[in-house]
Amino acid sequence: MRKTFIGPQLRKLRREHKQTQAEMAKALGVSAGYVNLLENNQRTLSVQVLMALSDAFGVDWRDLIDDESSATRLTELRAALQDPIFGDAPPDLQELRAALDHAPQLVGHFLQLYRSHRTALNKILQQGDLNNAAAAGAKQTSNNLLTTSPEAIIHDFFRNHRNHFARLETAAEAMRLEEPFDFDDAYAAMKSRLRRKHGATVRIAPTDEMGDAIRIYDRDKGELTLSAALDNRNRVFQLVHVVCLLEQEELLESITADSDITSETGRARCHVELANYFAAAVLMPYELFIETAERTRYDVDMIASIFGVSFEQVCHRLTTMQRDGRTGVPFFFLRVDKAGNVTKRFNATTFQLAEYGGSCPVWNIHTSFRTPGVVVPQFVELPDGERFFTISRTTDRPVFSKDTQDRRLAIALGCELRQAHRIAYAAPFNVDDESLFSPIGINCHLCPRKACSQRAHQPLFIDLPIDTTRRGNTRYES
């Protein structure tokens, strides 16, 4: 058994049972001094004491040594302390681990406070001018600012699970065993399953009949209607999505129950995202997918052609390769529209742009709109010095009418610089060349960079220097 420290958990357990260290020691059959050493992480936990704790206090031993929870909390703490509000000298990894080991409740309260800060800041950025909101009542405004949106809760929920849900993977693998099919036969296989197990027929309808919808499922009629605007890859994806909603309803409810989502709308949104996850897991089985990704060095186009899926679907699936003992490159995924609005985001890294949005104009996700369908690689550096490798490319959306033509979105997929050697798109570049890295920021409101020619707003947390005798790159500083 590896070294295991459980000081804070042991102290909390003792206090919950209103015991002294001597009383706990008697229950465990050890000395009070040994309990004191355990609580202060000066002794590692033995198997015998772990079993004694489980028997004497009726706790699951796995809850006491939950390394995954600790690792997730460490990642979240590191990401939070990289916020520009904390300056440019964050605690090192050893300090953060010490805080988690000795004061986990304090860390939890700090992260809760930081989430409230982030939520309020996001609401302020979204609302812009708060005068109208203030006129509606200061109390209501305050409540709205501190109420986290369902989208943010869902993002954090996925992030806390490292964007990986083992139970969905297991369910997807079970369905593939029950319903084996070749990738080029997926559409026929899913149509057959819907008809055989659910009495549902599938119909392709013209776009003028569908209106703004791309999929409509009528439970009473037992009919699934798909828009003719969808290509075959997206039709298959929608079929598997519906199969998940019909067959895995209890599993979706069980997984969502672990989140902080309380509204019906939010829970429905979470079910949609989880069903998307399931569909990707069915069409791109974990083991075969990660083997293919490693073999092709994460060439997204090649992977998409092998599995008969879209570029975007591959990018999304790559962020989920976080199975214990069989992980791929940790990626973040971001999708934006032409105005810079984030329409989808998933993150298995410390990349903060995936938390706050992707509105920095220096980042090539925006310039990719100029070259539709072309992969644009870029090495970027955040204000805190962290470096990442990213690729950006446009993705086409179904066209419904002449008024919605060319409504492309842009996708960005990225990883930490230390992982770039595993990516084919990074191979032509010399990462030792300092001129290779583009200095980007979270967004202008939060970016502390000075003398940036692309600055569009004054930062919220610092004052840029103004000299009336000199004109700088922008009107915000000299």
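Any chance the stretch 288-297 includes a residue that's charged (D, E, K, R) and modelled with pLDDT under 95?
no
Going by the structure shown, is Ile391 of a type outside the set (D, E, K, R), modelled with pLDDT of 85 or more and assigned to a strand (DSSP E or B)?
Against the criterion (of a type outside the set (D, E, K, R), modelled with pLDDT of 85 or more and assigned to a strand (DSSP E or B)), Ile391 qualifies.
A quick yes/no check of all residues on (1) farther than 25 Å from Asp324 by Cβ; (2) acidic (Asp, Glu):
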{"residue": "Ala166", "(1), (2)": "no, no"}
{"residue": "Glu169", "(1), (2)": "no, yes"}
{"residue": "Glu173", "(1), (2)": "no, yes"}
{"residue": "Asp185", "(1), (2)": "yes, yes"}
{"residue": "Glu209", "(1), (2)": "yes, yes"}
{"residue": "Ala228", "(1), (2)": "yes, no"}
{"residue": "Arg235", "(1), (2)": "yes, no"}
{"residue": "Leu239", "(1), (2)": "yes, no"}
{"residue": "Cys244", "(1), (2)": "no, no"}
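Please work out which residue is surrounded by the most Cβ atoms within 10 Å (Cβ to Cβ), limiting yourself to the stretch 61-107 and to residues that are at pLDDT below 80 and not in a helix (DSSP H, G or I).
Asp83
If you go through the stretch 433-458, how many residues are among the β-branched types (Val, Ile, Thr) and closer than 10 Å to Pro361 by Cβ?
Going through the stretch 433-458 one residue at a time, the tally reaches 1.
Is there a residue being of a type in the set (A, V, I, L, M, F, W, C), closer than 30 Å to Gly328 by Cβ, part of a loop (DSSP other than H, G, I, E, B) and touching a strand residue (DSSP E or B) at 6+ places or on another chain (Cβ under 7 Å) anywhere in the stretch 432-444?
Within the stretch 432-444, one or more residues are of a type in the set (A, V, I, L, M, F, W, C), closer than 30 Å to Gly328 by Cβ, part of a loop (DSSP other than H, G, I, E, B) and touching a strand residue (DSSP E or B) at 6+ places or on another chain (Cβ under 7 Å).
Between a first residue in the stretch 322-351 that is acidic (Asp, Glu) and a second residue that is in a strand (DSSP E or B), which pairs have beta carbons less than 8 Å apart while being 6 or more apart in sequence or on different chains?
These pairs meet every condition: Asp337/Thr343; Asp337/Leu409; Asp337/Ala410.
With respect to Gly358, determine if the residue is in a loop (DSSP other than H, G, I, E, B), buried (at least 19 other Cβ atoms within 10 Å of the Cβ), at pLDDT below 95 and out of contact with any Cys (no Cβ under 8 Å at 6 or more places or on another chain).
yes
What about Thr320, is it assigned to a helix (DSSP H, G or I), outside the structural domain of Thr207 (by TED's automatic domain parsing) and of a type in the set (S, T, N, Q)?
The answer is no for Thr320.
Regarding Phe333, is this residue at pLDDT below 95 and not in a loop (DSSP other than H, G, I, E, B)?
Answer is yes for this residue.
Name every residue in the stretch 362-399 that is in contact (Cβ under 8 Å) with a residue 40 or more places away in the chain and among the hydroxyl-bearing types (Ser, Thr, Tyr), in order of residue number.
Correct list: Ser368, Thr395.
The values are calculated or read from the model by the stated rules, or taken from the named source; none is laboratory data. The structure presented is a predicted model; accordingly, all values stated were derived computationally and were not measured. No Cβ is skipped: glycine too gets one built from the backbone with ideal geometry, and neighbour counts run over all protein chains shown.
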